[in-house]
1. For the stretch A:58-173, build the charge dipole from Cβ charges (+1 Lys, Arg; -1 Asp, Glu) around the Cα centre, then report which of A:162, A:102, A:132 sits farthest towards its positive end.
2. Take peptide A:257-270, look around each residue's Cβ out to 10 angstrom, count Cβ atoms belonging to other protein chains, and average those counts.
3. Place a +1 charge on the Cβ of each Lys and Arg in the stretch A:179-288 and a -1 charge on the Cβ of each Asp and Glu, then give the dipole magnitude about the Cα centre in debye, rounded to the nearest 20.
4. Please report, in whole Å, how far the alpha carbons of the stretch B:121-228 spread along each principal axis, starting with the longest.
5. So what's the net charge close to residue A:171: Lys and Arg +1, Asp and Glu -1, counting the other residues with Cβ under 11 Å from its Cβ?
6. Does the stretch A:1-122 come out rounded, prolate or oblate by the C-alpha gyration tensor, with a ≥ b ≥ c the root eigenvalues, rounded set by a/c under 1.5 and, if not, prolate when a/b is larger than b/c and oblate if not?
7. From the mean inverse distance of alpha carbon pairs (Kirkwood) and the Cα radius of gyration, derive Rg over Rh for the stretch B:314-362.
8. Calculate, axis by axis, the spread of Cα positions in the stretch A:179-288 along the three principal axes, and write the results as whole Å, longest axis first.
Amino acid sequence: MKPTAFEYVRAGSLDEVLTVLEERGDEAKVLAGGQSLIPTMNMRFAAPEVLIDISGVTELRGIEVRDDVLRIGAMCRHVEVLNAPEVAEHAPLIAMAMPNIAHAAIRNRGTFGGSLCHADPAAELPACVLALDARLNIDGKSGPRSISARDFFLGTYMTCLADDEVLISVDVPKVMSENVTFFDEVARRRGDYAMAGLASQATVRSGFITDVRLAFFAVGEVAVRAPHAEQALQGILLQDMDADAICSAIADDISPFDDLTTSGAAKLTMMQVLTRRAVESFAKQGAHA
Amino acid sequence: MNEHLKPSVLDRPNSYVGKTVPRPNARRLVQGCGTYVDDICLPRMVHLAFHRSAFAHAKVVSIDTDEARAVPGVVGVFTMNDIRDVITPWTGVLDHLKGIKSAEQWPLANGKVFWQGEPVAAVAAVSRAVAEDAAEQIFVEYEELTPVTDMETALAPDTPVIHPELGDNLCFHRVIDSGDVDAAFADAAAVVEDTFHFNRHTGVPMEPRSIICDYSRAEGELTLYMSVQCPHMSKNLFAKHLGLDENKVRVICRDVGGSFGIKIHTYSDEMAAGAIAVILGRPVKFIADRLESFVTDVHARDHVVKARAAFNSGGELLAIDMDDVTGIGPYSVYPRTSGIELNQVVNLTGGPYKHASYRADGKVVFQNKNVMCQYRGVGHPIAVAVGEHLMDLGARKLGLDPVDVRHNSFIPDDAYPYTSPSGAIYERQSHRQCLDKLVGIMDYAGLRDAQAQMRDRNIYRGIGFASLIEVTNPSPAFYGVGGARIASQDGCTIRLDPTGGITATTGVTEQGQGTETIIAQIAATAVGVPLDQVRVLTGDTEIVPYGGGTWASRGAGIGGEAALQAGKALKENIIALAAAILQAKPDRLDVRDGSIVDIATGQERMPLSELGGIAYFRGDTLPKDVQPELVATRHYTQRQFPFVFTNAAHACHVEVDVETGIVNLLNYWVVEDCGRVINPKLVAEQTRGGVVQGLGPALYEECLYSSEGQLLNGSLADYLVPMAAEMPDIVVDHIETPTGTSELGAKGVGEAGTAGAPAAVMNAINDALDPFGVTLTHMPFTPDKILKGLGRA
């Protein structure tokens, strides 16, 4: 379990990152926290010729409260996001997700942007940004662009980032007072990849629920929304919820894959349980609002 | 038993036996200053990496090593043909396991490969990274053969025979038929039965298997730095198969980062490292990485058991009838064989109980998966889970409490010594006392009340029990009589140093379990010196007495007794010398807390440092006929019984989320009887660690294979070990029934936790699911299996 030999560049600036990426293209890999990339290299599943270490690039760091959004730098370590009061205040869904991400040692090094760019289907953060309709800010030699989370993830370990692009930051819409949030996952051990997980946010006014986003993870190739179930919940009075109808809508939306030890059928049951627990939580949160 | 009522040699002033004392090696280890094999770097050392078989069963048509040899930094590339002249094959059979058979095993593939991960070729290079680069450049042409993976069809007539020279895929067959089983079942008030699946898993020590082989051509000497449990056994095996004089092989085993039975076997890659060291005349290091560990460290368990039990209307167990089949991979592992696990299962199932009728039919079969062999608990977890689940089924069927059914079925206290229907002899056990104490400390009645109330709120909690016996302190009947050069005796040498401190060397070994601590406690007590004046050395075959090392929970019971006797002998020598110096009668003197004292008043007559100074430097002052002899060695072999059995009662309390299938471990209790407790904290920690290692495979751990024999989860992301967050508090308490086989009276404690936990948690889960009429017996109890059992997936 030793990687093949590689070059190492410790980038001092975003410009340097982009220059090396442009020169080396798909021979290069960006190294953020290294919590997925380095094991992959040690197992020799990946053998990049050059690693560009972005941990010293200040443009990628920091959490900033803007007018409508919370901007989280791609290079923010999980532990920084976990402990940031701004995140707890303006993006409670992310704050709820953070303790579920692996273990303390991994959260100390792993990064917010790294998790998104790795696009592991069982990771928590892709589902969170999907549920929050966040926008991802990207830069490359062809110029900066911004893309919706809905369009960023293409498949397992696949995103729309080009070889010469790097994720700069993520703009998360600030939570509003009528919003309700729910995050939970079913994992065999604390810190494991989940068997099924749900990141969800909705709006509750006078007991009626609207703008429901149900983003599931660990159930398919990539974190995924459940449009039929969202539709089934849209506009209903929470206390009248027909749980069976919503559960059957989830089955229409998603047919989870089997993983090594959990069948798709069990995952579907867990998704339905999580959804019911989410709606129950929304009803409680809405009653307090 | 009565002699244990007299004041023991251990009940002395400044006795450390029975006390929790700090571990002398803990400071070094927690500071990260341990010396593991990978910390050792020798001049001119090369590093090994292997090309390992990608297939479970294949012919090796050709091996192309040209490109690998050309990689800069490569010192040599080796196939079986390159090392054949310096090493001989081995076969894992023992004479006393009647009919056991296995095939010759070679360090590198000898024309065929038999499991995915089997080493085919080795690269020696200036670094492990370069060796891995070159190993990728070894090109092997394979011709795939049909893999035999399903142990339940391994003996079917249309299944290919893995080793044609053996005739079939049966390694070992054992049958026990005792009493009148058929009559017992015919007359029974209740008959219960079930089929159990026990999952393949492995030990996962933090420090992987590690070895440096340093061969001196000039001296014809091989020095092995190994992470191993049995240094003398390794010395013998490397000498034997490399054709070296056994006296010229030295094994040095410093700190060991866990072993659990994994580091007690012969491994192809380690033997290949020895052969390559002899060929190169350079030190050769091999450190198994985690993936290599998963595909080559012995796996364990992998049984399918069909069992039934008969009870009378009073809930007394009358008979057990069981069939067990276990798949062990393509070879019986050398030198202990892969027949022992099954032997233990059939010997021990129903062990605590008085039933007179017992039938067991056990088959050990070959398959094209990694080898399976002894791992912490060896067979016990299977035997206990089968027996204890049958007890619960019987209780349920008769409408009795599981505690009562156990009480009604225990061997009566006045029946000891007792011979079980399988032929095992129990010196004395305390099942009743352990279970009574357990029921008290767990507040069983309170838990049952709470359970009933919670069910009304759709919260499903369960309580599971397991009473068990454990094989410890083995006699030569375990391996020696079968022809294996595995010592069941052990020795200890204790020397008084001029400073007044003592140095003890022992053949039992330290893997992190605290052996050095308890040897120090016993030696300090027996000689009469402060604990901080004791130094204990283990693990170097040129320093320590010849001994068996760590296996079958023998360190405290066997090694401890040798230390006690050596300490007593040294003390006698010290007193004889002191008497001469002080012109006193020996029976008027004692050694306490580092000083010669008057035995009646305790008044100091002379510190040991002064005695040591006189003995070593001022012999001129001694009477002419006095020659100080301040070293004593004693050995101990337990030969009164084949084994000294311990016993314990476990209870597990769980909550099952019937919506998600998640099992939450709420509490765990153990009342353990390991005879004399030398260090309560170490006994408790051994028990807790053992329980965790038993809960792991019941809930999480499984080596998953495809039907083609490919291991599907070779990393710690996919192979789930139990971790702290999920583990319950484990309360440990004791009953002490010292064994009369030794003066120390200690039995083993290393494996009993692992033996009982799978049964206790299985019974607890089934108790929780009782309202649903669901009974689960297929480990591990994953959320998927629980939801399927509940009809929810």
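1. Toward the positive end, the furthest listed residue is A:102.
2. Working: counts 0, 1, 2, 9, 12, 7, 6, 2, 5, 11, 4, 2, 10, 9.
That works out to 6 on average.
3. 380 debye
4. Projected onto its principal axes, the Cα set of the stretch B:121-228 covers 72, 36, 29 Å.
5. Details: positive: A:66, A:71, A:135, A:174; negative: A:64, A:67, A:68, A:133.
Residues near residue A:171 contribute 0 overall.
6. Values: a/c = 2.59, a/b = 1.50, b/c = 1.73.
Oblate.
7. 1.11
8. Cα spread of the stretch A:179-288 along its principal axes, largest to smallest: 44, 28, 20 Å.
Read-outs throughout are calculated quantities, based only on the coordinates presented, and are distinct from any laboratory measurement. The model shown is predicted, which means the values in this text are computed figures rather than measured ones. Glycine gets a Cβ as well: all are built from the backbone with ideal geometry, and neighbour counts include every protein chain shown.
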